[in-house]
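Everything below concerns the one structure shown next.
The values are calculated or read from the model by the stated rules, or taken from the named source; none is laboratory data. What you are looking at is a predicted structure, and each value in this text was computed from that prediction instead of being measured. In this analysis, Cβ positions are derived from the backbone assuming ideal geometry, glycine residues included, and neighbour counts consider all displayed protein chains.
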Amino acid sequence: MNLNATLFGQLGVFFVLAWFTMKFVWPPIMKALDERAGKIADGLAAADKAKSELAHTEKRVVEEMRKARESATEVRAGAEKQGSQLIDEARLEAARIINQAREAAEGEAAVAAQRAREELREEVAKLAVAGAERILRREINPQVHAELLANLKAEL
Amino acid sequence: MATGHEAVAAPSASEYIVHHLTHLTSSGHKQEKIIDFSLANVDTLIFSLAMGLAAILIMAIVARKVTSGVPGRLQAAIEFVVEMVESQSKAIVHGDRSFIAPLALTVFMWVFFMNAMDMLPVDGLPLIWQTISGDHHAYLRVVPTADLNGTLGMAMGVLLLMFWYNIKIKGIGGFVHELFAAPFGDKIFLYPFNLLLNIIEFAAKSISLGMRLFGNMYAGELIFMLIALLGATATWWGLGLQVAVGAIWAIFHILIITLQAFIFMMLTLVYIGQAHEGH
């Protein structure tokens with residue numbers, strides 16, 4: 001509990017140690033602490049940004065999904081419409097072909113009937129001329145009486 | 001027990017205590033006068049310097065390898081102290097802290113390390129020293145803060161800094177004017193009273209700052225010695241009590257050494273902070 005020169009020794013050491021700390025210890029540690037604080041702040045800001053970006057992206061995904069679904073519905077509707085149109089066209093075509101075929105068959109039938117009638121008519125005329133020849137014998141000259149025969153054929 | 005040469009038989013309890021409370025002086029003998037500036041306590045100087053170097057060396061090692069990335073355990077521990085000191089100094093001192101904050105960090109670490117010498121066995125280092133020096137009654141005290149010179153030396157440093165910052169902030173004229181004009185008022189007939197009170201205030205601050213730390217550490221050391229005396233009875237209850245009470249006191253002392261280091265640092269900041277503010 002006595003006082004002596006130790007007092008001044010301690011006083012000197014006090015200032016030297018404080019000076020050393022000020023010069024070599026404090027600045028780098030404070031710099032590191034400030035840098036880390038900055039990094040943490042940046043990290044937090046980046047996390048916030050990423051979060052808002054994620055929300056934005058999710059919204060866009062939902063929007064895109066909705067759009068895709070809509071266009072798919074549209075495509076399906078279009079395809080169905082086109083399909084039914086194709087079926088209708090095919091049906092019409094088929095009906096047309098059937099009609100054509102029927103008309104052609106009817107036409108052919110009519111021509112055949114006409115020809116058969118004309119053949120029959122010619123045959124009947126020949127028979128009538130032959131019959132008349134037999135009746136009239138030489139009195140009728142085919143060249144002289146050709147007009148008469150043609151008239152007769154037309155009447156039949 | 002004055003010279004430390006006559007006791008061949010085991011020392012009595014009071015001789016043991018007195019021996020342990022006597023410093024290793026530069027003369028090698030016990031200081032007789034209360035104040036004698038021709039002597040110095042070699043043990044206090046060596047251990048305080050060693051603890052100071054240990055403290056700043058640890059901090060310097062951390063400062064050299066410091067990273068703003070993921071810190072190691074040592075760096076995290078030092079950073080914890082640095083941030084504590086930084087926030088305290090920021091709250092207390094309003095002004096340029098480029099020296100004050102590192103000073104507070106140094107004071108805290110240094111005082112803590114010096115106080116921590118109290119946790120070593122009271123007879124350990126003295127016994128080693130007695131063996132090395134060959135003098136079986138050589139004096140050695142290992143706790144620099146349990147020496148009034150050690151604590152008052154630091155308190156004197158704080159006092160000088162109080163003057164320095166008072167003059168730096170207010171100018172010599174402003175400081176002298178404040179010494180005479182505050183706290184009672186700027187009247188001629190009040191000047192003596194103002195000056196007297198200011199002198200008392202500065203003295204009280206410095207002496208109480210040093211005395212508080214000294215008193216706590218001195219008392220702590222003394223109690224460790226008394227506990228050691230329990231074991232010296234060499235009875236089963238004496239040894240048992242030494243172990244039990246010694247453990248309890250040592251654990252409690254961990255709190256005291258930390259708290260006293262913190263208090264010394266805080267008061268250093270408060271006193272220097274007051275120099276930044278006018279009355």
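Here are some residues: B:LYS90, B:LYS30, B:LYS65. Which one is among the basic types (Lys, Arg) and either within 29 Å of B:LEU229 (Cβ to Cβ) or in contact (Cβ under 8 Å) with a residue 12 or more places away in the chain (or both)? Just a single option satisfies the conditions, and that option is B:LYS30. Only residues that are of a type in the set (Gly, Ala, Ser), within 7 Å of chain A (Cβ to nearest Cβ) and either loosely packed, with under 15 Cβ neighbours inside 10 Å or closer than 23 Å to B:VAL82 by Cβ (or both) were counted across the range B:39-60, and they come to 3. One residue stands out among those in the range B:85-104 that are more than 12 Å from every other protein chain (Cβ to nearest Cβ) and part of a helix (DSSP H, G or I): the one that is farthest from B:ILE263 (Cα to Cα), which is B:ALA91.
When residues in the range B:26-51 are screened for being farther than 18 Å from B:LEU148 by Cβ and modelled with pLDDT of 90 or more, 1 of them pass. The residue pairs whose first member lies in the range B:248-261 and is farther than 16 Å from B:PHE214 by Cα and among the small types (Gly, Ala, Ser), whose second member is at pLDDT below 95 and surrounded by 11 or more Cβ atoms within 10 Å (Cβ to Cβ), and whose beta carbons are closer than 7 Å, counting only pairs six or more residues apart or on different chains, are B:ALA250/B:MET119. For B:VAL107, the conditions (1) at pLDDT 90 or above; (2) facing another protein chain (nearest Cβ under 10 Å); (3) more than 15 Å from the chain's Cα centre (by Cα) all hold with the exception of (3). Going by the conditions given, is A:ALA47 farther than 29 Å from B:VAL82 by Cα and either out of contact with any His (no Cβ under 9 Å at 6 or more places or on another chain) or part of a helix (DSSP H, G or I) (or both)? For A:ALA47, the condition - farther than 29 Å from B:VAL82 by Cα and either out of contact with any His (no Cβ under 9 Å at 6 or more places or on another chain) or part of a helix (DSSP H, G or I) (or both) - is not met. Just so you know, in the range B:176-197 the residues that are under 28 Å from B:THR151 (Cβ atoms) and out of contact with any Phe, Trp or Tyr (no Cβ under 8 Å at 6 or more places or on another chain) include one that is modelled with the highest pLDDT, and it is B:LEU196. Among the residues of the range B:5-25, those identified as in contact with a helix residue (DSSP H, G or I) (Cβ under 9 Å, 6 or more places away or on another chain) and either surrounded by 19 or more Cβ atoms within 10 Å (Cβ to Cβ) or modelled with pLDDT of 60 or more (or both) are B:ALA10, B:PRO11, B:ALA13, B:TYR16, B:ILE17, B:HIS19, B:HIS20, B:LEU21, B:HIS23, B:LEU24, B:THR25. The lone criterion from (1) farther than 20 Å from B:ALA155 by Cα; (2) surrounded by fewer than 16 Cβ atoms within 10 Å (Cβ to Cβ) left unmet by B:ALA181 is number (2). Inspect all residues belonging to the range B:2-17 and state whether any of them is hydroxyl-bearing (Ser, Thr, Tyr) and within 11 Å of another protein chain (Cβ to nearest Cβ). No: the range B:2-17 contains no residue that is hydroxyl-bearing (Ser, Thr, Tyr) and within 11 Å of another protein chain (Cβ to nearest Cβ).
Count of the range B:110-130 residues, restricted to those that are surrounded by fewer than 23 Cβ atoms within 10 Å (Cβ to Cβ) and within 14 Å of another protein chain (Cβ to nearest Cβ), is 1.
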